[in-house]
Amino acid sequence: MPATEEPLPRDVLLALQEDRRAEAIALLRKREGLSEDEAETRIDRYLEESPPTRLRGAGIIARSKLNALIWLGLIVIMTLVYLLLIGGDSSAS
């Protein structure tokens with residue numbers, strides 16, 4: 001970014017990190033009163049200079065409560081299955 005250019009607003013950065021480029025352009029236009037071409041150029045320049053990192057593993061779970069609930073449910077189900085299998089083996093002895 002040129003030295004005179006201000007950093008992108010936080011909500012624009014979040015939209016870019018979530019791979020919502022069109023929404024980021026619209027937000028930037030609204031916040032700073034830019035034309036569509038100016039906003040798109042600024043977004044493209046930002047993405048070239050500092051591409052967003054894609055979340056993986058625990059970062060994805062932390063970003064989404066639904067993902068966290070799904071993983072928690074899977075862990076509980078697997079625990080119950082394990083206990084049922086172990087419980088069935090110990091009663092045979």
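Run a plain Debye calculation on segment 1-54 (Cα atoms as equal point scatterers, no solvent) and give log10 I(q)/I(0) at q = 0.13, 0.20, 0.23, 0.30 Å⁻¹, rounded to two decimals, same order as the q list.
-0.26, -0.63, -0.84, -1.41
Using the basic label-point model (7 angstrom from Cα toward the beta carbon), what is the residue 86 to residue 47 distance in nanometres?
Output for this residue pair reads 4.9 nm.
Report the gain in length on full extension from residue 78 to residue 20: 0.36 nm times residue separation, minus Cα-Cα distance, nm rounded to one decimal.
Answer, rounded to one decimal: 17.4 nm.
Bear in mind these aren't lab numbers, they're just calculated from the coordinates by the rules spelled out. All values reported here derive from a predicted model rather than from experimental measurement. Quick reminder, even Gly has a Cβ in these numbers, built from the backbone with ideal geometry, and neighbours come from all protein chains shown.
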